[in-house]
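Only one structure is covered here, and it is reproduced in the block below.
Every number here is computed from the coordinates shown, using simple stated rules; none is lab data. Keep in mind that what you see is a predicted model, and the values were worked out from it rather than measured. Quick reminder, even Gly has a Cβ in these numbers, built from the backbone with ideal geometry, and neighbours come from all protein chains shown.
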Amino acid sequence: MTARPLIIIDTATTHAVIALATAEGMLVEQRRWEAGYRHGEELLARIAGLLADRGIAAQDLGGIVVGTGPGAFTGLRVGLATAKGLAHGLQIPVVGIATGAMLLRAAATASGANVHQLVLVQPAGLSDRVVSRGGEASRILPGGTDADLGVDGRLVAVDLAGRAPDDATALGDAAVAGLADALCVAGAARLAAGDTDDLARLVPEYVTLPRGVLMALPDDGVVVSGGRGSAP
Amino acid sequence: MSGLPVSGPLLLAIESSCDETGIALVEDGRRIHANVVASQIALHGPTGGIVPEVAARAHLRWIVPVLDEALATAGVTMADVDGVAVTYGPGLAGSLLVGVNFAKTIAWVHGKPLIPVNHLEGHVYAGWLLDPGEAEREEPPFPLIALVVSGGHTFLVEMRDHLDYRYLGGTIDDAAGEAFDKVGRLLGLGYPGGPEISRAADRATAHNRVFPRAWMPGTYDLSFSGLKTAARRIIAQARADAGLSADEREGDLPDAAVAELAWGFQDSVTDVLTTKTIRAAEAIGARGIVLGGGVAANGALRRRISGEAEARGIAMVIPRPGLCTDNGAMIGAAGARRMAAGLRAGLDLDARPSLPLARPVAK
Ligand SMILES: [Zn+2]
């Protein structure tokens, strides 16, 4: 195994996370900042800054781990586009890891609870929320005033300050704080196993899509022209 | 100098402002080495228009294959590239974000300058492009009038030099392309409406349908919402005359009627656009007119405006249809001028969905 470090990127929540890890999945340094819904201005500059401070050239990196959501549109687009640019430019592998599963894992570590006793809730638009459990597909919970969100299990509320119980919000904060670590471990394991993602097909999982819109886009819905073998 | 290779900087240019992922390699702002476009038209056909979230995700899906195909087509690697140009506005926020962040990262990794380009000036600068193997020809002469007409934009600018734009007027409501889409739907034609209406109009044997023109006297402004409303009324009347209900989903007008109505609508748009453009060109003593944007692919508009310009000795430049719709090469053409002017973007470049067309200032 090479000793080339990994870069970790997650932009699914309003707190952007970047980190450096060893190829074995040991967290070297993480940086988090309040990105709100404007991840685009800072992400690449922050990555460049982290590498520069550590005396690491981009060309020294051995792989990229990127959180794929679910989360807000803007952040995920920025994170995935940046991860793809890095992977293509550096010709190194990328693995996409579900942010939701990693937040649950981090919350389990922080609270000592079993991950299957936890339920992650995130905002979806102004009033709806999205609910994720380990091993299950995320689902939308329509907006309401129900304090316990009518969900069976211990809540991990991310990006829902003031819209969820305080203990759920606190566990959510702990999950965000442990996100980089969880991504490091899971990402390094997949990279070491050669279980990498197809750079073209890696796309984010959004919390919600407009009604009637499919999550998987058909490839034949896009026509590529101007390349080899077609008229310019 | 016909046939001689040009030898200016080679730009990698990335366009993702709407529903086309375009990546091109352009030399010296003119010569296309590759111009690959992933078009999402079929993806948005069922919804009859662009769904922004779907568009952004398709950009993420296609941007790497399009880049690989562009580099392979041009036969170059990133080491051969002198700069990365990217559209940073105007356009759909989510779509722009994909191209901007991908371009920033590619430029940073390879140590290339990043050049921010306004999508609208890209449509103007498509007039400078030369296809691979195409003979050298004169650049569009200044001063010139540029008319950009697309699904999202319709406006006239005066240019006395490179990157120097004086806005003369534009639509105060809908873009011309939107009107084509709307009327295409009313006539039971497919999406997008522009090419469908053009094809239907070509089949017209009678040319008696007169649709209103909004002249907006004393200005170079344009308006198409009244035309849309009139079209709805005229088409409803034609349906009633044919014994059909007003709902365009309940039975189609006879093909001859569709053709005649399409011709009448197209003639109104073409008449207004041409008249305003020629008037502007005469007012500023233009030596050239450049036409750009997706609606500039319309054959009737191309023929009409070319004829009028030629009659006045004004050089007319209209890119081939594939360069009128969104593509990366046009961003490379504008990007080269911006690069020559010393314009660069930093790692903090962000998408600007409402970016206006104005003379750029080097920071
Ligand atoms: Zn355009």
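For the range A:8-105, what class follows from the C-alpha gyration tensor (a ≥ b ≥ c being the square roots of its eigenvalues): rounded when a/c is under 1.5, otherwise prolate if a/b is larger than b/c, else oblate? Rounded, since a/c falls under 1.5. When the charge dipole of chain A is built from unit charges on Cβ atoms (+1 for Lys and Arg, -1 for Asp and Glu) and taken about the Cα centre, the candidate among A:Ile47, A:Pro142, A:Ala19 whose Cα reaches farthest toward its positive end is A:Ile47. Among A:Val176, A:Val95, A:Val185, the largest mean-square fluctuation in a Gaussian network model of chain A (Cα springs under 10 Å) belongs to A:Val185.
Across peptide B:28-41, the average count of Cβ atoms from other chains found within 10 Å of a residue's Cβ is 3.
By how many degrees, 0 to 90 and rounded to 10, does the Cα axis of helix B:176-186 deviate from the longest principal axis of chain B? Rounded to the nearest ten degrees, it is 40.
Per-residue shielding of B:104-115, expressed as the average number of other chain Cβ atoms within 10 Å of the residue Cβ, stands at 5. Shape of the range B:168-246 from the C-alpha gyration tensor: prolate (a/c of 1.5 or more and a/b above b/c, with a ≥ b ≥ c the square roots of its eigenvalues).
Among B:Gly170, B:Gly83, B:Gly346, the largest mean-square fluctuation in a Gaussian network model of chain B (Cα springs under 10 Å) belongs to B:Gly346. Among B:Asp247, B:Asp131, a tally of other beta-carbon atoms within 10 Å of each Cβ gives an order, fewest to most, of B:Asp247, B:Asp131.
The charge dipole of the protein assembly as shown, taken about the Cα centre with unit charges on the Cβ atoms of Lys, Arg (+1) and Asp, Glu (-1), comes to about 760 debye, rounded to the nearest 20.
Cβ crowding within 10 Å ranks B:Phe155, B:Phe211 as B:Phe211, B:Phe155, fewest other Cβ atoms first.
Given a cut-off of under 8 Å on Cα pairs at least six residues apart, what relative contact order in percent is computed for chain A? Before the final figure, lay out the partial values.
On the way: 444 pairs, mean separation 51.3, N = 232.
Relative contact order, chain A: 22 percent.
What is chain B's relative contact order, in percent, from Cα pairs under 8 angstrom and six or more apart in sequence? Don't jump to the answer; show the numbers that get you there.
Details: 804 pairs, mean separation 91.5, N = 363.
Averaging sequence separation for qualifying contacts and normalising by length gives 25 percent for chain B.
Dividing the alpha-carbon radius of gyration of chain B by the rule-of-thumb value 2.2 N^0.38 Å gives 1.00. Comparing B:Pro192, B:Pro321, B:Pro65 in a Gaussian network model of chain B (Cα springs below 10 Å), the most mobile by mean-square fluctuation is B:Pro65.
Just add up the charged neighbours of A:Asp197: K/R +1, D/E -1, any other residue whose Cβ is under 12 Å from the Cβ of A:Asp197.
Values: positive: A:Lys84, A:Arg190, A:Arg201; negative: A:Asp195, A:Asp198.
Here the count lands on +1.
Note the count of lysine pairs whose C-alpha atoms are less than 18 angstrom apart in the protein assembly as shown, limited to pairs 8 or more residues apart or on different chains. Don't skip to the answer; put the middle values down first.
Working: A:Lys84/B:Lys104; A:Lys84/B:Lys112; B:Lys104/B:Lys112; B:Lys104/B:Lys363; B:Lys112/B:Lys363; B:Lys182/B:Lys228.
Value for the protein assembly as shown: 6.
Taking 7 Å steps out from each Cα toward its Cβ at A:Arg139 and B:Glu139 produces label points 6.3 nm apart.
Can you give the charge dipole size of the range A:115-174 about its Cα centre, rounded to the nearest 20 debye, using +1 on the beta carbon of Lys and Arg and -1 on the beta carbon of Asp and Glu? Intermediate values should be presented prior to the final figure.
Numbers: 5 positive and 9 negative charges, 34 e Å.
For this selection, approximately 160 debye.
Between the Cα long axis of helix B:52-74 and the first principal axis of chain B there is an angle of about 50°, rounded to the nearest 10. For the range A:115-174, the relative contact order works out to 31 percent when only alpha carbon pairs closer than 8 Å and six or more residues apart are counted. Once the Cα atoms are used to define both axes, helix B:255-284 deviates from the longest principal axis of chain B by about 50 degrees.
Each Lys and Arg adds +1 at its Cβ and each Asp and Glu adds -1 at its Cβ; summed about the Cα centre, chain A shows a dipole of about 400 debye.
Is the shape of chain A best called rounded, prolate or oblate, per the rule: a/c under 1.5 gives rounded, else a/b larger than b/c gives prolate, else oblate, with a ≥ b ≥ c the square roots of the Cα gyration tensor eigenvalues?
Working: a/c = 1.89, a/b = 1.26, b/c = 1.50.
Oblate, because a/c is 1.5 or more while a/b does not exceed b/c.
Cβ crowding within 10 Å ranks B:His162, B:His33 as B:His162, B:His33, fewest other Cβ atoms first.
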